[in-house]
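The values are calculated or read from the model by the stated rules, or taken from the named source; none is laboratory data. Because the structure is a prediction, the values reported are computed rather than measured. With ideal geometry, Cβ positions are generated from the backbone for all residues, glycine too; neighbour counts draw on all protein chains shown. Remember, those area values only see protein heavy atoms, side chains included, never the ligands or the DNA or RNA. Shrake-Rupley method; radii C 1.70, N 1.55, O 1.52, S 1.80 Å.
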Amino acid sequence: MSKANIEEMIKQLAELDSAGMYLDDFLLTWDRSDDEISAVFKTAQILMQMRKNNISPQVFESGLAVSLFRDNSTRTRFSYSSAANLLGLTVQDLDEGKSQIAHGETVRETANMVSFMADVIGIRDDMYIGKGNAYMREVADSVSQGYAAGILEQRPTLVNLQCDIDHPTQSMADAMHLIQHFGSLEDLKGKKIAMSWAYSPSYGKPLSVPQGIIGLMTRFGMDVVLAHPQGYEVMPEVEAVALKNAAAAGGSFSKTGSMAEAFQDADIVYPKSWAPFNAMEKRTELYGNHDMDGIKALEQELLAQNANFKDWECSERLMTLTKDRSALYMHCLPADITGVSCKQGEVTASVFDRYRDPLYFEASYKPYIIAAMIFLAKVKDPASKLTWLLQRNQQRIA
Amino acid sequence: MSKANIEEMIKQLAELDSAGMYLDDFLLTWDRSDDEISAVFKTAQILMQMRKNNISPQVFESGLAVSLFRDNSTRTRFSYSSAANLLGLTVQDLDEGKSQIAHGETVRETANMVSFMADVIGIRDDMYIGKGNAYMREVADSVSQGYAAGILEQRPTLVNLQCDIDHPTQSMADAMHLIQHFGSLEDLKGKKIAMSWAYSPSYGKPLSVPQGIIGLMTRFGMDVVLAHPQGYEVMPEVEAVALKNAAAAGGSFSKTGSMAEAFQDADIVYPKSWAPFNAMEKRTELYGNHDMDGIKALEQELLAQNANFKDWECSERLMTLTKDRSALYMHCLPADITGVSCKQGEVTASVFDRYRDPLYFEASYKPYIIAAMIFLAKVKDPASKLTWLLQRNQQRIA
Amino acid sequence: MSKANIEEMIKQLAELDSAGMYLDDFLLTWDRSDDEISAVFKTAQILMQMRKNNISPQVFESGLAVSLFRDNSTRTRFSYSSAANLLGLTVQDLDEGKSQIAHGETVRETANMVSFMADVIGIRDDMYIGKGNAYMREVADSVSQGYAAGILEQRPTLVNLQCDIDHPTQSMADAMHLIQHFGSLEDLKGKKIAMSWAYSPSYGKPLSVPQGIIGLMTRFGMDVVLAHPQGYEVMPEVEAVALKNAAAAGGSFSKTGSMAEAFQDADIVYPKSWAPFNAMEKRTELYGNHDMDGIKALEQELLAQNANFKDWECSERLMTLTKDRSALYMHCLPADITGVSCKQGEVTASVFDRYRDPLYFEASYKPYIIAAMIFLAKVKDPASKLTWLLQRNQQRIA
């Protein structure tokens, strides 16, 4: 892609109203306007093309990008690291362990103490229903107070790297994958996507991926179907968001208890395990009470419950039901692959193998999505700044 | 603050003789001359104003800032990280675990092995009386030898990020807070500061904060009062430093066994828990002998001893004794707040709440203090270089 | 050393054919041609002289250097960090724990997931015979596939930071030490080096150091003698490499069961403990079967076996046998020093003390060796680029 193409994309970005993102956080995709969502995709594409052309978009000469991972992560950690590095920020980990930490005074204090020279704070806190997103908002309020009081020189932008409600960097990277795959955001209109539960021998996987998908994909005029066995409901608030989105965008949001029904004529399938919302609520309560026996009992219960639905597997047979027998298979990775990473899992090896490259492409957009979120939050006039960066023509590799 | 003001501060810096800091370490504030101490404050203020004006003081294009934390740290770790990043250095952690490591050959070797491209080494080693500062000097000697032998291209500067004797980056940040609060270093003359022990339900907190405070604040012509119950004495050597400083600076250093007496007419109060020096010596010995039963017994003993002094709490009642009932309350954070972080602690919630913003400001100076220490150790003619950086006018954010 | 000297070295580099290194990995020294090996030394020397002259060789403005250490490391970790920093890359650790991780799908996926913005991947995986190097090649194949498919924007270069077969950054730094010590690569011709097993109270030390030494030093026309007690054989494949090298270079490779014989008239001695190859194979198998009792039994067996050879110590008496009684003593550090780091070990304290500075110099070249490996793999025309960097004259410290 030539510089002229990049300039053209910058022109398209300039037509979008992303002013609301400036100095704000990125916590839930449905907090953001359609223009802002489009601006993230466009900026991500521009940054990607610039890097591919060896033109650096480094706007920070120094500054910290704080990371707080309360759950293990390799993919998102590297994506965040890559995004920070691309823009010139240095990652500094805040290591608090994985336990639920005290709220209130401690959160306020820690948030300010790590932010004296921080431009961004990325947080993954997805383990406890009702806690992760609330914690992020508490951090956001804390640094807002610190900035208003003149204690912080800059107000660090929060990026939600996965919470109990949404996983916006994942769902946005997923959507960017669809845009790249189908040609444009407009081309997603009318496409059917099946976000389906799938069996896994593990338990307790976060709900933020399916919730993120139905909360985002419904904005693009797609026909979004959520499929899961009874008992694996997602948060009702997010279903409400999906319904509202679908109505506004001219698509649909529906639910089914059959994987096959969801797959029927689907353009895209996203089969993935998650834990029942109610069980996650119970688990959070048990952890709060330090009831370790209760937690163990719950785990056994959940594994037994899962085992009732081993036939919820993305098989070759199910794939034949999809549009032209060749729906795009998606996953946030790592997937539980039958006979590879487990005895029986979310997807058969032959389906997974066929889609390996697309899956890797899907993941490859996350660094750019995160970089775009940061860029739009920290740069007042992003289109002008990108034009300037293009003209500056600073090489990433000399 | 305008560039003209920064230029004025640089002129003031140029009048101070800080040549002794060049290529030297910062281990104890009382190792440094009055001019050098003043130069650190001035440089920190200049660096802060430059950053606030989006002018980067980055003097290193590459280079490592080694960090060795033998005790947990969030505040100091982020301060060190921020300072390194501001100047262009990359932090590389040396992770040796928290145990007392072997001295002698191992120290000499490790110090050199991590220093081939290191410009700074920051060390926190505050757990064992008689060990932390000694270890830092052993590292300092080791890299001096390596540099003299031509093995090291540069002699990394050591910054004491807290030892058993002093906590210079804390006390200097605290003093900078007073300078910002009262207007100037000269304005501290005649002010009364109460460095007081306070009750905490924990035990074994380092003595380096109270020692750092009495060892530094006595230089500014202040009336420094150290208050603690019997049995909570600090190191006699540091008291001797405080007495000598007070005599030279025209202030005073006195001790009392009453928190109320210390607070009487105080301009500043610094109530904080610490462990008895003798107990810490005993603990170091027990650790040396791997006497875990002895350590547990000592812990119980210390908690019981602490519990005799639960009335040593910075309460609203005690605050009314202070100058205009409104002394500046200080703490290195985190504080043990009664009813918030513990049942009963160092300070009541209402006092803490009223001083939250000042406390955060107090902490906010530490990155600049550390950056100033590094700058003065690595730059031969700091005033000229700062002038040059001002003229270079490199933006931190493009 | 002046700029003119650096220019002279660049001219010498230009005469070497290192094109085969471009976009390739550095896994085994014997994978590389003589010109390529020479080019690494020359480039390392040039980078070192540039840094000593405060001229930065930073060719990357951003980009990640992934590090994966499956065994503890301080020296190599800091060397890798220093090299990455010198060239402008930011290290991001991939922390998978020290256990043998699953191969196949997981390796392929992880390798790609961490590489979206990675220019280099450095791996230490030396614990299991038959596994470490194989793992590196699996990673290499994975990122090659990802790059070929267009998923990765760049194909990260792998640098072997120690595997079960070779430790190329160590042996190359060792050789650079000899070049610096004796004057030139040509001056090594005809020198006798004794790579000898030595007693250590620990067990299970990797074989990659002795294997790396005999696999590399035999290329320079040296007389390489490998000495060890019966039962401490190294991998036969590497001995075959050594024999082939010696024949091609006009030197020799021989073995002996006597440390004294190896030391006789040696110019250089490298006494170091390692584990028997067969035992390491057995250990890998036991780990594979999670046979912890078997591992404990093997450990006892190995320690008992070691204890039969306590006289394999680099003593003053043995040193008198060497050329002019003053062979250069080498070690990769840390050494087991009798009476210092253990009761009885690889070397007596007086020998070690006399060679401390040379040993530190030996270690000091590793950052430059790694930087040179990266530089030659990422820069198409290294001599031209170095000339350009010299002319750019960017200062490391302003």
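A few comments on the model shown:
- Relative packing of peptides B:233-240, B:172-179 - highest average C-beta neighbours within 10 Å first: B:172-179, B:233-240
- Average other protein chain Cβ within 10 Å of Cβ, residues B:104-112: 4
- Peptide C:325-331 is shielded by partner chain Cβ atoms: per residue, an average of 0 of them sit within 10 Å of its Cβ.
- FRET efficiency, 1/(1 + (r/R0)^6) with R0 41 Å, evaluated for C:Ser73 and A:Asp265 via beta carbons: 0.15
- Rounded to the nearest 20, the Cβ-based charge dipole of region A:290-354 about its Cα centre (Lys and Arg +1, Asp and Glu -1) stands at 360 debye.
- Two-decimal Rg/Rh across region C:175-295, once Rg and the Kirkwood Rh are taken from alpha-carbon atoms: 1.04
- Taking other residues whose beta carbon is less than 11 angstrom from the beta carbon of B:Ser33, and scoring Lys, Arg as +1 and Asp, Glu as -1, yields -3.
- The listed residues C:Asp265, A:Asp71, A:Asp293 rank as A:Asp293, C:Asp265, A:Asp71 when sorted by accessible area, largest first, using a 1.4 Å probe.
- The value given for the protein assembly as shown is a Kirkwood hydrodynamic radius of 32.4 Å, derived from the mean inverse Cα-Cα separation.
- Protein heavy-atom accessible surface, 1.4 Å probe, per residue over the protein assembly as shown: 34 Å².
- Electrostatic tally near A:Lys191: other residues with Cβ closer than 14 Å to its Cβ, Lys and Arg +1, Asp and Glu -1, net -3.
- Test item: A:78-91 mean partner chain Cβ contacts at 10 Å: 5
- Packing-based ranking, highest mean first, of B:181-188, C:308-315 given that Cβ atoms within 10 Å are counted: C:308-315, B:181-188
- Relative contact order of region C:328-398, pairs being alpha-carbon contacts under 8 Å that are 6 or more residues apart, as %: 20
- Among C:382-392, A:328-338, the order from most to least packed when residues are scored by Cβ within 10 Å on average: A:328-338, C:382-392
- In plain terms, if you count all Cα to Cα distances in chain A and split them into 20 Å steps from zero, the share in each step is 28, 58, 15, 0 percent.
- Backbone HN-Hα couplings from phi across region A:384-398 [Karplus 6.51/-1.76/1.60, Hz, Gly and Pro as x]: 4, 5, 5, 4, 4, 4, 5, 6, 4, 6, 6, 7, 5, 10, 4
- Sites A:Asp324 and A:Ala349, calculated FRET efficiency, Cβ-Cβ separation with R0 30 Å, nearest 0.05: 0.85
- Heavy-atom accessible surface that B and C bury in contact, both chains counted, 1.4 Å, Å² to 100: 2800
- Between amide H atoms placed 1.01 Å from N, distances below 5 Å from C:Phe69 occur with C:Leu94, C:Arg124, all of them 5 or more places distant or on a separate chain.
- Taken one residue at a time, the phi angles of region A:347-363 give Karplus couplings (6.51, -1.76, 1.60, θ = phi - 60°) of 8, 7, 4, 5, 5, 4, 4, 5, 10, 4, 4, x, 5, 5, 4, 3, 5 Hz. Gly and Pro are set to x.
- Anisotropy class of region C:264-398 from Cα gyration tensor, a/c 1.5 cut: oblate
- Solvent-accessible area of B:Glu8 with every protein chain in place, 1.4 Å probe, in Å² to the nearest 10: 90
- Relative contact order computed over region C:114-203 (Cα-Cα under 8 Å; 6+ residues apart), in percent: 30
- Contact order, relative form, for chain B: 21 percent (alpha carbon pairs under 8 Å, 6 or more residues apart, mean separation divided by residue count).
- Split the accessible area of the protein assembly as shown by element, probe 1.4 Å, and carbon with sulfur accounts for 48%.
- Neighbour net charge for C:Arg392 - beta-carbon separation under 15 angstrom, K R +1, D E -1: +1
- Calculated P(r) tail over 18 Å for region B:330-398, as whole % of Cα pairs: 60
- Computed from the alpha carbon positions, the gyration tensor of region A:135-202 leads to an equivalent ellipsoid with semi-axes of 36, 19, 9 Å, biggest first.
- Listed residues B:Arg77, A:Arg70 arranged by accessible area, highest first, probe 1.4 Å: B:Arg77, A:Arg70
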